[in-house]
Amino acid sequence: MLNLDFHPTGRHFLQIPGPSPVPDRVLRAMSLPTIDHRGPEFGALGLQVLGKVKQIFQTRHPVVIYPASGTGAWEAALTNVCSPGDHLLMYETGHFAWLWQQMAKRLGLVPEVIALPGTCAATGLPNSWRHGVQADLIEARLKADTAHQIKAVCVVHNETSTGVTSHIAAVRRAIDATKHPALLLVDTISGLASADYQHDAWGVDVTVSGSQKGLMLPPGISFNALSPKALEMSKHATLPTAFWAWDEIVEMNKSGYWPYTPNTNLLYGLNEACDMLLDTRHGGLPMTFARHHRWAEGVRSAVKAWGLAIQCADAAVYSPVLTGVVMPQGVDADAVRKLIYERFDCSLGTGLSKVKGRMFRIGHLGDCNDLTLMAALAGCEMGLKLAGVKLHGSGVQAAMDYFSAHAAPVALAKAA
Ligand SMILES: Cc1ncc(COP(=O)(O)O)c(C=O)c1O
């Protein structure tokens, strides 16, 4: 028996950068009875969801939905457009960019990695894990590839392990400047629906995303948004695909169905989440992005008041999804996290691989608001003090000041 439903009182604070807190409205939608996935009602649901999800990716082209975690959608993106031995240019901005490289190797592809060299003297963290993609490095490498050996450029839009975003339109411009035919493959598993993301306008060929972050759903659904060029390439690519093959799915999706049993109840949830995100009464997608931007500013004001370093070293690419908090040398970030979990019922994200024990992550995605974030920051501040971390000042006070001085872009309905 799990303890999940047996909290003495109140809700657990899930402040990791995904899975994110799921709104009650979405949970209720998912509790509807599971229906026949070949029946008429399902076809109507499928068509609705596929239409709405295109608006979330800001695309007119097909979006493929898989009953899989984000890792599955990474594999789908690579296997549909690549042939054995193809070269990829993969930019390393953190743990997830690194994991995608490892997958490419397992699939028999040849990833060439670009990363900023060196280590930050103040924090001891790798520079590449504190900055976003530098498009000029991609441009220089593609210029040198006169034989056009590189099949695709792969970048992560929002690095969940670091709290750094990257300018995807700048990467597209860099590719175009060289007239190189490489495809642009982008992972926005944690960026979508919290940070602005424009599949068509930014010229992305395959966008990979997942359900358990900005879409406010449980894990279990993932996506490939396609460009016409990627679809055309998939006809000639020779890595084997079966479950992940786009052609059969795109064909059956035209009538709202899938070639296999889809994740029916998660699709109910997705339909509801899209309605919430696109709801014009709450400002639609632009206001969704504005809300996360503001929450991120509030959280960063707390970290700055504590006198701790934010992992992202470049304010121009701060993530609206999460904030990486670097511990002073000698403090074990995981011990601080454990204390906050045990004393205050709040989960924070652990540091991954190269930054394990050096930092923790505060998620500001999914179903949150000013006061849930204030509570999470209070848990952090109490835990940091209990762990003996010397703080310069009160982050809680700084965040309260920030939120009070900066009203939410769309005011809540006025109380009667
Ligand atoms: C940026 C990014 N890429 C890929 C993944 C892997 O996705 P999943 O764990 O759903 O397979 C994650 C998961 O957190 C992620 O944040």
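Points worth noting:
- Going from the residue with the fewest nearby Cβ atoms within 10 Å to the one with the most, Tyr341, Tyr260, Tyr66, Tyr318 rank Tyr260, Tyr341, Tyr318, Tyr66.
- Neighbour counting of Cβ atoms within 10 Å sorts the residues Phe289, Phe243, Phe360, Phe96, fewest neighbours leading, into Phe243, Phe289, Phe96, Phe360.
- For a modelled paramagnetic label at Thr261, 7 Å from Cα along Cα-to-Cβ, the residues of region 10-38 in reach, with backbone nitrogen under 15 Å, are 34-38.
- Label positions at Ala316 and His282, each projected 7 Å from the Cα along the C-beta direction, are separated by 3.3 nm.
- For q = 0.08, 0.13, 0.14 Å⁻¹, Debye-computed log10 I/I(0) when each Cα of region 24-278 counts as one equal scatterer: -0.31, -0.79, -0.91
- Mean residue ellipticity (222 nm) of the chain, computed from DSSP H runs ≥ 4 via -39,500 (n - 2.57), nearest 500: -12500 deg cm²/dmol
- Residue-count net charge about Ala242 - beta-carbon cut-off 14 Å; Lys, Arg +1, Asp, Glu -1: -3
- Local net charge near Pro19, Cβ-Cβ under 15 Å (Lys/Arg +1, Asp/Glu -1): +2
- If you take all other residues with their beta carbon under 9 Å from the beta carbon of Pro409, and give Lys and Arg +1 and Asp and Glu -1, the sum is +2.
- The stretch between Asp36 and Thr119 holds 24.4 nm of extra length on full extension. This uses 0.36 nm per residue minus the Cα-Cα distance.
- Whether region 130-189 is rounded, prolate or oblate, judged on the alpha carbon gyration tensor where a/c under 1.5 counts as rounded: prolate
- The chain: relative contact order in percent, alpha carbon pairs under 8 Å with at least 6 residues between: 23 percent
- Summary of packing: across the peptides 158-168, 345-355, 31-41, 117-127, the per-residue average of other C-beta atoms within 10 Å ranks them, highest first, as 158-168, 345-355, 117-127, 31-41.
Read-outs: derived from the displayed coordinates by stated rules, not from any lab. Because the structure is predicted, anything quoted here is derived from the model rather than measured. Counting neighbours? That spans all protein chains shown, and the Cβs are built from the backbone with ideal geometry, glycine included.
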